[in-house]
1. Which ordering of Lys26, Lys54 is given by a fewest-first count of other beta-carbon atoms within 10 Å?
2. Give me the one-decimal nm value for the distance between modelled label points at Glu70 and Ser58, 7 Å along each residue's Cα-to-Cβ direction.
3. With the contact rule set at Cα under 8 Å and sequence spacing of 6 or more, what percent relative contact order holds for region 28-81?
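Just so it is clear, none of the values below were taken in a lab; they were calculated from the coordinates. The model shown is predicted, which means the values in this text are computed figures rather than measured ones. All Cβ positions, glycine included, derive from the backbone under ideal geometry; neighbour counts span all protein chains shown.
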Amino acid sequence: MPQNDPATDTINYAGIPGTSSVDFDKLLYEEIEEGDLFWFSDSSNSDINHAFRKIDGSTASNTRTEQITESIGHRTIVYQKI
C-alpha cells in the first residue's frame, strides 16, 4: 500500500488548467511604492505578462527593456506578487 508523507506532498499547479502557483494582489498604480515591481495582469505566463518597475506617480520602466519607460495613469489597475 502506498505511503502518504504530508511533508513531501505537493500540488502541481502547472498541470491544472486555470490555476497558478503565483498569487497576485490587485491594486491601483497609485497605491504601490516607488521602486516596486508590478504586472498588468495576474497571469503567471512571463512571456505575455512581464514585470514593470514604478519610477514615479506616472512613469514605469519595462524590466525587459530598462531604457523604455511608459506613462501609467494613477488609477490603473496593476498586480503585485504576494
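1. Fewest to most other Cβ atoms nearby, the residues stand as Lys26, Lys54.
2. 1.7
3. 41
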